[in-house]
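Everything on this sheet refers to the single structure shown next.
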Amino acid sequence: MRAPVRVSVGGHVAPASVGPITATDIVRFAGAGGDFNPLHHDPEFAAAAGYPGVIAMGQLQAGMLAGWLADWCGVEHLRELEVRFVAPVRPGDTLTFAGEVNGVDPAERLANLTLTASVEGKPVVQATAIVHVAD
């Protein structure tokens, strides 16, 4: 078991980037998760729905964000993660992850964080998390 991370209010999680996202990434995730909505693999369907092409399912970028967070704090210390999808991700996009510590409860040894996955500086996923931290 990994030791809990040490944090302070205003501290940041080291940023990271993943990508570019490929059509293969999207199709593989669809197969793993069973999400075969044509928005994720059919360019004509996506265009008819008003998108410039296929888009990744939100859970793909949420999963990547969760993996980045768990790599930092240790999955055994992740207590809660809530995500909100704010913009689509398309093949060719590179995701950049950032996080900030907003509060620490020393008695409970829990920290509240805000997290963002962005593409070219524009948020695509906004999230909050609670992690168990060191004294």
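Residue-by-condition table, conditions (1) of a type in the set (Phe, Trp, Tyr); (2) assigned to a helix (DSSP H, G or I):
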| position | (1), (2) |
| --- | --- |
| 51 | yes, no |
| 59 | no, yes |
| 62 | no, yes |
| 65 | no, yes |
| 68 | yes, yes |
| 79 | no, no |
| 87 | no, no |
| 90 | no, no |
| 93 | no, no |
Subject >> Inter-residue pairs, beta-carbon under 9 Å, first basic (Lys, Arg) and in segment 107-118, second assigned to a loop (DSSP other than H, G, I, E, B) and at pLDDT 95 or above, 6+ apart >> reply: 109/4; 109/134
Original post:
Going through segment 16-32 one residue at a time, which ones are surrounded by 16 or more Cβ atoms within 10 Å (Cβ to Cβ) and in a loop (DSSP other than H, G, I, E, B)?
Top reply: 19, 21
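Residue-wise test of (1) surrounded by 14 or more Cβ atoms within 10 Å (Cβ to Cβ); (2) among the small types (Gly, Ala, Ser); (3) at pLDDT below 95.
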site	(1), (2), (3)
11	yes, yes, no
14	no, yes, no
34	no, yes, yes
49	no, yes, no
75	no, no, no
82	no, no, no
**OP:** Please specify each residue of segment 114-129 satisfying the condition of being over 13 Å from residue 17 (Cα atoms) and in contact with a Leu (Cβ under 8 Å, 6 or more places away or on another chain).
**Re:** 115, 124, 125, 126, 127, 128, 129
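The values are calculated or read from the model by the stated rules, or taken from the named source; none is laboratory data. Predicted, not measured: the structure shown is a model, and the values here were computed from it. Note that we place each Cβ from the backbone using ideal geometry, even for glycine, and neighbour counts take in every protein chain shown.
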